[in-house]
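The values are calculated or read from the model by the stated rules, or taken from the named source; none is laboratory data. Source: prediction; values computed, not measured. We place every Cβ from the backbone using ideal geometry, glycine too, and count neighbours over all the protein chains shown. The protein model used for the area step is the full one, side chains on, heavy atoms only, and it has no ligands, DNA or RNA in it. Shrake-Rupley method; radii C 1.70, N 1.55, O 1.52, S 1.80 Å.
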Amino acid sequence: MNQHVFPVPSALKSTAHVDAQSYRELYRRSLEAPEAFWREQAQILDWMKPFTTVKNTHYSPEDVTIEWFADGTLNASFNCLDRHARARGDEAAILWEGDTPGDTRRVTWSDLQQEVSRLANALRALGVKKGDFVSVYLPVVPEAVAAMLACARLGAVHSVVFSGFSAEALAGRIEDCRSRVLITADEGMRAGKHVSLKRNADAALEGLPFVEHVLVVRRTGRDVPMTPGRDRWYDEALAEASAECPPVAVGAEDPLFVLYTSGSTGKPKGMLHTTGGYLVHAAASFKAMFDYRPGDIHFCTADVGWVTAHTYLIYGPLANGATIVLFEGVPSWPDASRWWQIIEVYKVNIFYTAPTAIRSLMREGEAPVRRHDLSSLRIMGSVGEPINPEAWLWYHEVVGKGRCPIVDTYWQTETGAVLLCPLPGAMDLKPGSAAKPFFGVQPALLNGEGTVVEGEGSGNLCFADSWPGQARTILGDRERFLKTYFGAFPGFYFTGDGARRDADGYYWITGRLDDVINVSGHRLGTVEVEAALASHPSVAEAAVVGMPHEIKGQGIFAFVTLKEGIPESDALRRELMQIVRTRIGPIATPDRIEWAPQLPKNRSGKILRRILTRIAAGDFENHGDTSTVADPAVVAEIVRRVQAGA
Ligand code: WTA
């Protein structure tokens with residue numbers, strides 16, 4: 001795996017923002033003098049009131065404190081808009097490409113500034129003020145960007161919910177942050193199909209009387225029910241609002257957004273991000289890791305519902321004044337050349353996507369790529385899951401023609417911005433490795449006993465000390481925050497991932513060590529899927545594990561025990577698939593459901609997932625230590641069924 005090394009292209013060596021020597025020097029300085037280092041980095045933003053303190057962080061068992069630039073004030077929307085609108089208002093901020101080819105919009109910096117100001121005023125008229133939560137359930141349209149920035153303009157906190165999530169998933173996320181306002185659309189468009197967002201939103205709001213206002217973006221113009229007194233058309237509300245809205249001064253430690261992600265228990269966690277540290281980390285890392293140059297066109301394929309879009313489609317690029325391509329559709333529709341066509345048309349320079357998509361496009365062969373001129377590409381990124389060397393090489397050779405460095409960026413919803421990645425002008429690339437720590441970031445591998453592994457080796461991937469983009473808490477559940485991230489290895493932040501460090505100090509992520517699975521780069525808690533399955537009246541119990549999947553990275557394997565007397569049938573399998581889609585969303589649909597007369601448990605009744613994970617991976621022999629299984633015959637029966645069904 002280690003034999004392929006791709007050196008820094010010579011052109012980049014001399015021109016990149018960060019070269020090999022400056023990486024070493026800056027990285028050393030970022031650890032030795034973090035205050036001075038981050039004080040300089042923070043100058044990438046405009047502050048309203050400059051901060052005097054940089055960092056107040058402790059990870060000791062008695063005290064977890066995470067504060068950055070605490071006494072400074074700023075406004076995120078000012079940094080992402082006004083300062084660019086002032087200098088070059090007529091240039092494009094957003095190049096929007098709709099689901100249907102040919103459906104496009106060009107939004108300039110001044111257009112966006114005006115839209116954001118109007119929306120901020122419209123929200124204010126609905127009673128939204130600093131510190132209030134606003135939920136956003138929108139497709140990838142410019143209004144989604146406007147919604148986020150309009151909240152930021154008022155100091156309100158946005159909670160974007162992926163538009164592929166079900167009504168029930170949306171309801172849970174609105175209830176948790178108790179937003180009184182929801183911004184949604186009549187419908188979304190995906191691969192030519194209409195997605196009924198307003199209908200989902202209506203269903204979600206049935207049990208949530210505290211939601212007083214719904215702004216509805218006209219995306220497709222189809223007729224949707226509007227509840228009088230509660231629902232308003234977005235365009236009508238904006239038409240009445242003034243296009244002047246001075247940005248509110250927000251404390252660096254005031255929240256900017258909450259974003260829900262899956263953990264190892266059933267309830268999604270609302271990761272709370274604050275304004276100053278997050279925006280510094282997002283902006284500085286965007287510039288360094290993509291070696292951003294003024295004038296670059298940046299295309300990040302993530303949906304606005306995920307953290308990747310928050311940080312590297314919206315906040316990081318816009319803070320730098322980058323022009324972003326916003327694409328509503330999917331890479332495979334109308335055909336597999338859709339992304340390549342977009343790159344050609346918009347002359348994209350920086351392209352950022354996920355391994356799953358690369359693997360599925362790889363299957364379509366080289367022809368769809370070769371049909372398009374991709375010579376504008378300079379830097380390409382990967383995020384969300386480990387990238388297998390085969391997909392890396394295809395991406396590098398076929399898409400990037402061997403010219404473009406691939407920046408494999410490792411980070412999490414919780415980390416806010418990147419922690420590990422090769423800086424393209426500074427580091428040789430090894431396919432499949434997220435290379436080295438970003439500035440100020442101190443990775444540590446800890447073994448099962450909690451001892452730090454030095455040099456080459458593997459372990460639990462942890463980080464010593466804080467970085468500015470770090471989530472400050474789980475909304476409403478500080479205990480869970482402390483326990484999940486700081487409980488396992490006192491003094492360290494624990495990611496939940498395993499990693500290996502090679503002789504050159506490069507990190508290789510080996511995947512999640514907890515009950516989180518990563519399906520096509522989307523995080524899902526196995527417990528959430530189990531709860532959805534168990535809500536079916538015929539199900540006694542369910543256990544869900546990840547299984548290797550050629551395209552998705554991981555697929556979902558569900559072992560289901562039916563209630564006494566319920567016959568096993570394919571119709572029931574389909575019903576169970578459907579209940580998961582309804583309760584969570586299509587991304588959580590199991591790839592395989594196998595009936596299990598009983599689940600393997602230990603003597604105290606705990607399901608032994610470790611064994612099920614091996615069986616799901618097709619490993620029928622090696623179950624490790626089975627001495628804890630209460631009834632070994634249960635395992636044998638499951639193996640028999642899985643083998644028969646495979
Ligand atoms: C995984 C996405 C390997 C990892 C930004 C992490 C990765 C989880 C990489 C976070 C990468 C993310 N290589 N694995 N470059 N990037 N992961 O919160 O398991 O959606 O813990 O954030 O994705 O997923 P999340």
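The alpha-carbon of residue 552 sits under 12 angstrom from the alpha-carbons of these aspartates and glutamates, leaving out residues fewer than 8 places away in its chain: 385, 591. Full extension of the chain between residue 230 and residue 514 yields a length gain of 98.1 nm, computed as 0.36 nm times the residue separation minus the alpha carbon distance.
When the charge dipole of the stretch 160-278 is built from unit charges on Cβ atoms (+1 for Lys and Arg, -1 for Asp and Glu) and taken about the Cα centre, the candidate among 216, 167, 228 whose Cα reaches farthest toward its positive end is 167. Residues 512, 24 ordered from highest to lowest accessible area at a 1.4 Å probe: 24, 512.
Surface analysis of the stretch 1-160 yields an accessible area of 42 Å² per residue, using protein heavy atoms and a 1.4 Å probe. For the set 575, 385, 621, the ranking by accessible area, highest first and with no ligand, DNA or RNA atoms included, is 621, 575, 385 under a 1.4 Å probe.
How charged is the neighbourhood of residue 643? Take every other residue with its Cβ under 15 Å from the Cβ of residue 643, and add Lys/Arg as +1 and Asp/Glu as -1. That sum, taken over residues with Cβ under 15 Å, equals 0. The calculated FRET efficiency for the pair residue 244 and residue 203, based on their C-beta separation and a Förster distance of 22 Å, comes to about 0.05.
Heavy atoms of the protein chains alone define the surface here; on that basis the stretch 209-251 has 54 Å² accessible area per residue at 1.4 Å probe size. If both residues of a DSSP beta bridge must be in the chain, then about 60% of such bridges are antiparallel.
Extension gain for the segment residue 637 to residue 564, taken as residue separation times 0.36 nm less the Cα-Cα distance, is 24.6 nm to one decimal. The calculated FRET efficiency for residue 46 paired with residue 194, based on their beta-carbon distance and R0 = 56 Å, is about 0.85.
Listed cross-link partners 483/606; 198/287; 55/130; 267/606; 129/347; 287/483 are compared with a 29 Å cut-off, the Cα-Cα value being larger for 198/287; 129/347; 287/483. Dipole magnitude for the stretch 489-630: about 260 debye, using +1 per Lys or Arg Cβ and -1 per Asp or Glu Cβ, origin at the Cα centre. Inter-part distance, the stretch 204-230 to the stretch 38-112, computed on C-alpha centroids, equals 30 Å.
Each Lys or Arg adds one and each Asp or Glu takes one away; over the other residues whose Cβ falls under 15 Å from the Cβ of residue 252, this sums to -1.
Here residue 371 and residue 333 are evaluated by their C-beta separation; at R0 = 22 Å the FRET efficiency comes out at 0.85. Ranking 45, 120, 508 by how far each Cα lies toward the positive end of the dipole of the chain (charges on Cβ) leaves 120 at the top. Subtracting the Cα-Cα distance of residue 222 and residue 453 from their residue separation scaled by 0.36 nm leaves 77.3 nm. Protein heavy-atom surface of the chain, 1.4 angstrom probe: 51% of the accessible area is carbon and sulfur, with nucleic acids and ligands not counted. With a/c under 1.5 counting as rounded, go ahead and sort the chain into rounded, prolate or oblate using the C-alpha gyration tensor (a ≥ b ≥ c being the square roots of the eigenvalues; past the cut-off, prolate if a/b is larger than b/c, else oblate). Cα axes put the chain in the rounded bin. Straight-line reach from residue 49: taking Cα to Cα under 19 Å and skipping same-chain neighbours fewer than 8 places apart, the aspartates and glutamates in range are 35, 40, 67, 71, 82, 253, 254.
Taking the Cα centre of the stretch 1-149 as reference, the dipole from Cβ charges on Lys and Arg (+1) and Asp and Glu (-1) amounts to some 300 debye.
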